[in-house]
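Working notes for the structure below.
The values are calculated or read from the model by the stated rules, or taken from the named source; none is laboratory data. In this text, all values refer to a predicted model and were calculated from it rather than measured experimentally. A quick note on method: Cβ atoms are made from the backbone with ideal geometry, for glycine too, and the neighbour counts reach across all protein chains shown.
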Amino acid sequence: MSSRPVGSTEALSDVAPSTTEFLAAVAARQLVGKQRVFAGVGLPTLAVDLARRTVNPDLELVYESGICGARPEGLAEGIADSVLVSGAAAVLGMPALFGYVLQGGHIDVGFLGAAQVDRWGSLNTSVIGDWDQPRVRLPGAGGATEIMPNAGECIVVLRRHDPGALPARLDFCTSPSPVRAHAEDPRMVPPGHGVSTVITPMAVLRRPEKLGELVVSEVHPGLTVDEVRDATGWDIPIADDVRETERPTVEQIRLLREEIDTVRLYLR
């Protein structure tokens with residue numbers, strides 16, 4: 001990432017966006033026309049803040065700590081950061097948040113992180129490797145098992161695009177997609193779409209059908225469809241209308257660097 005100081009007059013158009021800036025800008029564009037998003041910290045924090053400053057100023061933010069209608073004036077360092085509480089519409093307990101807001105169908109988009117995503121949009125956030133002797137033990141589900149079936153749709157942002165992050169078979173299924181839930185019991189069709197979009201450093205993958213699989217929808221500048229397919233753990237289909245991902249604008253990069261994350265908490 002560029003070491004360009006905040007406030008510098010150097011032309012931003014001459015500075016290439018970092019991977020994080022690129023992912024945040026692409027993620028922000030997915031929120032056009034959405035009303036309420038269940039946001040996580042980290043890269044989702046950058047994306048929702050950028051979306052509110054550019055494509056969707058009326059976007060309502062909900063956090064797992066029970067904060068609804070957050071309007072933070074600064075960058076949140078966690079889901080319970082006091083900056084999220086100041087000016088929020090409400091702070092709810094967990095039963096109300098998950099029982100009424102989420103399960104009541106009031107969340108349009110859930111932002112979810114994952115270590116692995118499979119072709120059907122199921123997520124692994126538990127272990128890499130064998131369950132009893134994992135190579136890496138991860139944080140676990142958090143609220144994702146509720147967000148996945150109940151949000152209108154879910155967006156996942158991955159910092160890697162390789163067969164380890166997008167495997168043919170998950171090492172462990174933490175949050176099953178509607179496809180997996182339906183396969184276990186045909187009577188089980190969650191109300192939400194599940195994962196609709198996966199944004200990676202190489203491409204944008206979409207899952208148009210609720211019981212369908214991911215397809216390559218956009219390929220980032222400088223990459224090819226074959227390179228994306230070779231870096232994926234299964235023979236991923238390619239959309240008929242696949243296109244090149246829109247680059248971040250100069251203004252998006254400026255906002256991320258000079259107004260949203262001036263201390264480089266998440267930008268890297």
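Is one or more of the residues making up region 147-169 part of a helix (DSSP H, G or I), closer than 30 Å to Asp230 by Cβ and in contact (Cβ under 8 Å) with a residue 60 or more places away in the chain?
No, there is no match, as no residue in region 147-169 is part of a helix (DSSP H, G or I), closer than 30 Å to Asp230 by Cβ and in contact (Cβ under 8 Å) with a residue 60 or more places away in the chain.
Please work out which residue is farthest from Pro176 (Cα to Cα), limiting yourself to region 101-123 and to residues that are crowded, with 22+ Cβ neighbours inside 10 Å and out of contact with any Gly (no Cβ under 9 Å at 6 or more places or on another chain).
Selected residue: Ala114.
Taking Ser126 and the conditions (1) surrounded by fewer than 20 Cβ atoms within 10 Å (Cβ to Cβ); (2) more than 20 Å from Gln30 (Cβ to Cβ); (3) touching a Gly at 6+ places or on another chain (Cβ under 8 Å), which numbered condition does it fall short on, given that it satisfies the others?
(1)
Okay, residues lined up against (1) surrounded by fewer than 16 Cβ atoms within 10 Å (Cβ to Cβ); (2) within 30 Å of Ala16 (Cβ to Cβ); (3) at pLDDT 95 or above:
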| residue | (1), (2), (3) |
| --- | --- |
| His193 | no, no, yes |
| Ile199 | no, yes, yes |
| Ala203 | no, yes, yes |
| Gly233 | no, yes, yes |
| Asp241 | yes, yes, yes |
| Glu246 | yes, yes, yes |
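When you scan region 256-268, how many residues do you find that are in contact with a helix residue (DSSP H, G or I) (Cβ under 8 Å, 6 or more places away or on another chain) and surrounded by 15 or more Cβ atoms within 10 Å (Cβ to Cβ)?
So the count comes out to 6.
Quick check, is Ala183 of a type in the set (Gly, Ala, Ser), farther than 23 Å from Ala231 by Cα and modelled with pLDDT of 95 or more?
No: the conditions fail for Ala183.
List the residue pairs whose Cβ atoms are under 6 Å apart, where the first residue sits in region 94-114 and is more than 17 Å from Glu60 (Cα to Cα), the second is in a loop (DSSP other than H, G, I, E, B), and the two are 6 or more positions apart or on different chains.
Ala114/Thr125
Out of all the residues in region 1-8, is one or more closer than 24 Å to Gly194 by Cβ and either modelled with pLDDT under 95 or crowded, with 17+ Cβ neighbours inside 10 Å (or both)?
No.
Can you name the residue in region 63-80 that is touching a strand residue (DSSP E or B) at 6+ places or on another chain (Cβ under 9 Å) and charged (D, E, K, R) and is also surrounded by the fewest Cβ atoms within 10 Å (Cβ to Cβ) among such residues?
Among residues in region 63-80 that are touching a strand residue (DSSP E or B) at 6+ places or on another chain (Cβ under 9 Å) and charged (D, E, K, R), the one surrounded by the fewest Cβ atoms within 10 Å (Cβ to Cβ) is Arg71.
Inspect region 139-146 for any residue being within 21 Å of Thr232 (Cα to Cα) and either surrounded by 21 or more Cβ atoms within 10 Å (Cβ to Cβ) or at pLDDT below 95 (or both) and give the result as yes or no.
no
Taking Ile253 as meeting all but one of (1) part of a loop (DSSP other than H, G, I, E, B); (2) among the aliphatic types (A, V, I, L, M); (3) in contact with a helix residue (DSSP H, G or I) (Cβ under 8 Å, 6 or more places away or on another chain); (4) at pLDDT 95 or above, write down the number of the exception.
Result: Ile253 passes all but (1).
Tell me the residue from Val32, Val55, Val48, Val41 that is surrounded by 20 or more Cβ atoms within 10 Å (Cβ to Cβ), modelled with pLDDT of 90 or more and at negative phi, please.
Of the residues listed, the single one that is surrounded by 20 or more Cβ atoms within 10 Å (Cβ to Cβ), modelled with pLDDT of 90 or more and at negative phi is Val48.
Assuming Val189 fulfils every condition listed in (1) touching a His at 6+ places or on another chain (Cβ under 8 Å); (2) of a type in the set (A, V, I, L, M); (3) modelled with pLDDT of 95 or more apart from one, which condition is it?
Checking Val189 against (1) touching a His at 6+ places or on another chain (Cβ under 8 Å); (2) of a type in the set (A, V, I, L, M); (3) modelled with pLDDT of 95 or more, the one that fails is (3).
Conditions tested, residue by residue: (1) touching an Asp or Glu at 6+ places or on another chain (Cβ under 8 Å); (2) farther than 29 Å from Asp162 by Cβ; (3) assigned to a strand (DSSP E or B); (4) of a type in the set (A, V, I, L, M, F, W, C).
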| residue | (1), (2), (3), (4) |
| --- | --- |
| Ala80 | no, yes, no, yes |
| Val83 | yes, yes, no, yes |
| Gly87 | yes, yes, no, no |
| Ala96 | no, yes, no, yes |
| Val101 | no, yes, no, yes |
| Gly105 | no, yes, no, no |
| Ala114 | no, no, no, yes |
| Arg119 | yes, no, no, no |
| Ile128 | yes, no, yes, yes |
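So how many residues does region 220-231 have that are surrounded by fewer than 15 Cβ atoms within 10 Å (Cβ to Cβ) and either among the β-branched types (Val, Ile, Thr) or part of a loop (DSSP other than H, G, I, E, B) (or both)?
Adding up the residues that qualify gives 4.
Which residue out of Glu153, Glu213, Glu184 is among the acidic types (Asp, Glu) and under 25 Å from Ser65 (Cβ atoms)?
Matching residue, one of Glu153, Glu213, Glu184: Glu153.
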